[in-house]
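What follows is one structure encoded as structure tokens, with my remarks underneath.
The values are calculated or read from the model by the stated rules, or taken from the named source; none is laboratory data. Only a predicted model underlies this, so the values are computations on that prediction, with no experimental measurement involved. A quick note on method: Cβ atoms are made from the backbone with ideal geometry, for glycine too, and the neighbour counts reach across all protein chains shown.
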Ligand code: HEC
Ligand code: HEC
Ligand code: HEC
Ligand code: HEC
Ligand code: HEC
Ligand code: HEC
Ligand code: HEC
Ligand code: HEC
Ligand code: HEC
Ligand code: HEC
């Protein structure tokens with residue numbers, strides 16, 4: 001059973017405000033004195049801003065909210081927040097339940113249709129994104145969100161509620177807006193959705209991984225919100241055999257896997273950026289190679305078809321492109 005919220009007892013309700021309100025009061029008094037002394041100062045607007053409404057409001061308790069928002073209350077009661085907040089010590093923010101996120105609600109009760117009187121997170125909300133996020137970050141600062149300030153999502157004015165919907169348990173974990181991580185991201189990242197549908201792709205649509213295996217949507221120390229220090233370190237995490245060490249290293253592999261591979265998907269095999277031999281030839285001009293193409297007979301279907309145009313092209317001979325450990329593997333032949 002849900003714990004009943006304490007009745008609005010003035011002694012309790014005003015207590016957590018003391019530290020916050022007292023300096024405001026001082027400000028008000030000095031402001032008032034100032035207003036009296038210089039009568040030209042503009043009069044205060046009669047319509048309270050959200051900030052003013054919030055400062056004036058008191059907590060009313062979740063039962064009051066539930067009396068009008070029955071459906072929201074029902075859906076919410078299955079979430080992680082509902083479970084945890086239920087056990088919170090009285091007078092902590094978590095014990096405020098609905099009002100931990102939506103702010104004190106007494107002003108909202110006076111005029112529910114005036115969205116200036118309640119912290120809201122939906123599209124029509126009048127609460128600035130920065131304030132919305134600050135509310136969540138009170139309890140969720142740090143950890144995976146250590147790089148949230150300055151991340152491209154933060155810079156592009158995303159709110160926590162673009163990806164999270166704490167009002168219902170729509171996903172197994174993480175209170176997401178969709179039933180999976182990938183679906184949540186695809187809502188905005190259509191191009192990446194297309195990339196994962198290409199002929200060769202990371203097994204993400206197959207459910208073997210999700211965007212957060214490689215990205216931290218809350219921000220990271222690397223570019224593109226990657227959750228590893230370098231691209232290669234990211235790839236080695238799952239393809240550790242490519243890490244080596246190798247006696248004979250192939251320079252572009254050490255430098256960056258994306259010299260040859262796409263990260264999400266490609267219409268060439270093995271997520272390659274282009275087909276062989278063009279891939280290899282984009283860096284290796286064939287001058288001096290013992291097997292240069294010289295005659296039309298060397299084309300596929302000719303009298304002596306060239307190995308570079310058949311099967312695995314250059315890799316018919318240079319098999320170990322990621323590096324070789326064979327004593328005579330200097331040309332990656334074995
Ligand atoms: C007297 C009934 C009533 C009570 C009690 C009430 N609300 Fe509301 N609330 C409404 C109505 C009606 C609306 C819709 C206003 C509109 O559609 O313009 C609303 C809107 C909201 C919204 C904005 C929804 C949006 O579109 O973003 C939020 C958030 C909200 N209420 C939260 C609360 C919370 C939290 C409490 C408890 C502190 C609460 N309400 C108590 C009637 C109530
Ligand atoms: C953990 C923070 C949090 C708590 C606790 C919370 N809400 Fe919300 N609420 C949100 C967010 C975020 C949204 C916006 C969801 C969206 O994008 O649709 C929201 C949306 C709403 C809306 C708008 C309609 C909707 O569902 O989108 C109402 C009404 C509302 N909340 C009422 C409540 C009530 C009543 C409670 C307590 C039973 C409550 N909220 C508890 C964060 C919270
Ligand atoms: C009063 C503190 C508080 C506030 C405010 C708050 N949360 Fe939480 N939240 C918690 C606690 C406690 C948990 C459960 C423990 C944990 O997983 O860290 C939690 C869990 C979560 C989870 C993980 C749920 C899961 O199923 O794993 C998400 C996601 C989340 N909160 C998002 C939000 C968002 C978004 C907001 C703002 C709209 C918000 N929280 C506001 C305290 C808070
Ligand atoms: C671009 C989408 C996106 C945005 C924006 C976003 N999140 Fe998340 N968040 C996720 C995803 C996806 C997960 C699940 C990841 C996982 O399980 O590792 C998650 C997980 C979480 C969790 C639970 C796991 C943990 O880290 O403890 C919390 C709490 C959370 N987010 C809070 C927030 C807060 C607070 C904000 C706003 C400052 C925010 N998120 C903004 C996508 C987002
Ligand atoms: C509400 C829309 C929205 C959602 C949902 C969203 N993103 Fe984004 N994302 C953006 C915007 C806007 C940018 C910045 C502009 C751009 O680069 O396209 C961005 C940028 C990125 C970038 C590139 C960052 C950079 O610095 O180049 C990555 C990676 C990314 N998002 C991953 C994710 C992941 C993973 C998810 C799901 C957990 C997600 N996004 C969900 C809107 C969204
Ligand atoms: C196997 C790891 C991996 C997975 C899984 C992954 N990404 Fe990426 N993603 C990358 C890498 C690596 C880059 C950096 C590409 C670069 O630097 O050119 C990147 C770049 C991006 C960018 C920046 C624009 C671009 O294409 O360069 C966005 C946006 C993005 N990813 C979104 C997503 C989304 C959304 C998902 C999930 C549907 C996802 N990624 C899954 C590795 C991954
Ligand atoms: C979270 C683990 C994970 C990470 C990180 C990861 N991969 Fe993969 N990768 C896989 C899995 C799983 C497969 C599928 C293997 C299979 O089907 O046998 C795969 C397949 C591949 C394939 C073969 C695709 C095909 O069609 O044959 C290539 C190439 C590849 N990954 C390159 C990369 C590169 C480059 C990176 C770094 C940007 C990377 N991977 C990061 C898990 C990962
Ligand atoms: C010089 C170009 C090049 C670079 C750089 C490169 N690869 Fe590859 N990779 C290939 C080619 C060509 C294939 C397909 C032929 C084959 O299977 O050897 C391939 C295939 C793969 C495969 C699938 C087949 C297998 O061997 O498991 C994986 C996984 C892979 N690469 C991972 C990586 C990783 C991780 C990196 C970075 C450390 C990387 N590649 C860097 C050219 C490259
Ligand atoms: C991004 C550029 C790049 C791509 C793409 C590339 N290589 Fe290389 N490759 C290099 C560099 C740089 C070296 C080192 C050259 C040196 O040490 O003189 C090298 C060395 C080699 C060597 C050894 C040469 C020697 O002198 O010992 C062979 C063989 C080779 N690559 C084959 C391939 C094949 C086959 C492919 C296609 C699958 C390929 N390379 C794709 C840049 C590339
Ligand atoms: C029929 C086998 C075969 C094929 C196919 C082949 N190579 Fe070679 N390649 C060799 C042999 C053998 C050597 C060693 C020659 C030497 O040591 O003098 C060599 C040497 C090289 C070298 C290092 C020395 C040099 O001449 O620059 C590079 C780079 C190279 N190959 C790239 C390629 C590329 C790129 C392709 C595809 C366009 C390719 N090879 C296709 C057999 C082959």
Checklist entry - Are any residues in segment 135-157 over 22 Å from residue 228 (Cα atoms) and surrounded by 17 or more Cβ atoms within 10 Å (Cβ to Cβ), and if so, which ones? => result 135, 136
Checklist entry - Counting just the residues of segment 139-176 that are under 12 Å from the mean Cα position of the chain (by Cα) and within 16 Å of ligand 1 (Cβ to nearest atom), which one comes out farthest from residue 99 (Cα to Cα)? => result 162
Checklist entry - If residue 213 satisfies every condition in (1) modelled with pLDDT of 95 or more; (2) surrounded by fewer than 16 Cβ atoms within 10 Å (Cβ to Cβ); (3) out of contact with any helix residue (DSSP H, G or I) (no Cβ under 9 Å at 6 or more places or on another chain) but one, which is the exception? => result (3)
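Yes or no: segment 316-325 includes at least one residue that is modelled with pLDDT of 90 or more and loosely packed, with under 13 Cβ neighbours inside 10 Å.
Yes, segment 316-325 has at least one match.
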Checklist entry - Given the conditions (1) over 14 Å from residue 322 (Cβ atoms); (2) out of contact with any strand residue (DSSP E or B) (no Cβ under 7 Å at 6 or more places or on another chain), and given that residue 249 satisfies all but one, which numbered condition is not satisfied? => result (1)
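Picking from 217, 205, which residue would you name as being over 15 Å from the mean Cα position of the chain (by Cα) and either more than 16 Å from ligand 8 (Cβ to nearest atom) or not assigned by TED's automatic domain parsing to the domain that holds residue 82 (or both)?
On the way: 217 fails: over 15 Å from the mean Cα position of the chain (by Cα).
Only one candidate passes the filter, namely 205.
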Next on the checklist: Among the residues of segment 104-126, are any under 19 Å from the mean Cα position of the chain (by Cα), on the phi > 0 side of the Ramachandran plot and surrounded by fewer than 16 Cβ atoms within 10 Å (Cβ to Cβ)?
Outcome noted: no
Next on the checklist: Please determine whether any residue of segment 91-111 is in contact (Cβ under 8 Å) with a residue 24 or more places away in the chain and over 25 Å from residue 53 (Cα atoms).
Outcome noted: no
Checklist entry - Just one of the numbered conditions (1) within 30 Å of residue 221 (Cα to Cα); (2) more than 10 Å from ligand 4 (Cβ to nearest atom); (3) in contact with a helix residue (DSSP H, G or I) (Cβ under 8 Å, 6 or more places away or on another chain) is not true of residue 145; which one? => result (2)
Checklist entry - Do the conditions hold for residue 266, that is, is it within 16 Å of ligand 6 (Cβ to nearest atom), within 39 Å of the chain's Cα centre (by Cα), loosely packed, with under 12 Cβ neighbours inside 10 Å and not assigned by TED's automatic domain parsing to the domain that holds residue 201? => result no
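Looking at 191, 173 in this structure, which one is in the same structural domain as residue 155 (by TED's automatic domain parsing), within 24 Å of residue 279 (Cβ to Cβ) and either within 16 Å of ligand 5 (Cβ to nearest atom) or not in a loop (DSSP other than H, G, I, E, B) (or both)? Step through it out loud before you land on a result.
Values: 173 fails: within 24 Å of residue 279 (Cβ to Cβ).
After applying the criteria, what remains is 191.
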Next on the checklist: Please determine whether any residue of segment 305-313 is within 25 Å of residue 232 (Cβ to Cβ), part of a helix (DSSP H, G or I) and within 11 Å of ligand 8 (Cβ to nearest atom).
Outcome noted: yes
